[in-house]
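Reading through the structure tokens given below for one structure.
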Amino acid sequence: MKFVVGNFAPDIVSQLRNYAKLMRLDRPIGTWLLLWPTLWALWLAGEGHPDPGLFVVFVLGVVVMRSAGCVLNDYVDRDIDPYVERTRTRPIASGAVLPMEALTLFAALGFVAVGLATMLNRPAQLLAIVAAALTIAYPFFKRFVSIPQFILGAAFGWTAPMAFAAHTGGTPQLAWLVFGAILVWAVIYDTFYAMVDRDDDRKVGVKSTALLFGDMDLFVIAGLQLVMILALVLIGLRAELGPWYYGAVAVSAGLMLYHLWLARDRQPAGCFEAFLHNRHIGMVVFIGIVLHYAFNP
């Protein structure tokens, strides 16, 4: 038995690490970009006092669904990733994980997600079906339409109506305002992300807003940032939030200007840094919401 364990244990550990990389557990930026707005919605839906059980379910759901989305994305892009500089070392592209293994892992994550959804009320479960459909659709859309970032934004933003439905049984106007803000924000940061791969995407035929916007990319991003700030202000008015929240919105506006500066030369490193730095916007807005309810119980 010692001989068997000695031979196979290192291989098993190595493969588990490959699965973790396939789920992007080593790169949590996507988890943060999904988690922060989910927390916005949970705190707003619970008026500063989110249900602890729902908090756990949604946080776990964020990790599971983001991981599942990454696995499916890499499976769908398995014939493209080897030709893109940034993605050629991904587990499927490099041959470390077989396509069938990836599908099996995706199915396992899907079962976990279904289990989490059963802990929600009926309205939230129905919305979860739409969230799953958007997650599955996204990897395919970038092959056919020039705005796959909007599909990603819808998938990420769908946590907002789900959180409100889970808390209240309904989806009030505030839930859709939060959804809209998240959608626009996703288009902003994922366009920065797509600008990193623009030349490679053009060669392999992958579509993106970075290619669609062309030389107007930073101008369009600035316009979308303005729309997002307006959406955040409308959220504050609708939820009757106070100075702490609006201060956070002001800080977020400053961060957006910084992101434009980072990407000013459209160099991959600067664009990627702008993408990564967007996690701070999510955190700042969440802090503003928490501080409002902490000082206005």
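Bear in mind that the values in this text are calculations on the coordinates, not laboratory data. For clarity, every value in this text was computed on a predicted model and none was experimentally measured. Don't worry about glycine lacking a Cβ; one is built from the backbone with ideal geometry, like all the others, and counts go over all protein chains shown.
Miscellaneous remarks
- At R0 = 41 Å, FRET efficiency that the Cβ-Cβ distance of LEU255 and LEU126 yields, to 0.05: 0.70
- Fewest neighbouring Cβ atoms within 10 Å first, the residues ARG66, ARG202 line up as ARG202, ARG66.
- Pairwise Cα inverse-distance average, inverted: Kirkwood Rh of segment 90-247 (Å): 17.7
- Sequence of LEU120, LEU98 once ranked by neighbouring C-beta atoms within 10 Å, starting from the fewest: LEU98, LEU120
- Separation between Cα centres of segment 114-129 and segment 147-185, rounded to whole Å: 15
- By the count of neighbouring beta-carbon atoms within 10 Å, fewest first, ASP79, ASP190, ASP201 end up ordered ASP79, ASP201, ASP190.
- Orientation-averaged projection of the chain equals 16.5 nm² [convex hull of Cα atoms, one quarter of hull surface area].
- Calculated log₁₀ intensity ratio I(q)/I(0) where the Debye formula runs over C-alpha points of segment 179-296, q = 0.23 Å⁻¹: -1.23
- Pairs of Cα atoms farther than 13 Å apart, segment 233-297, %: 63
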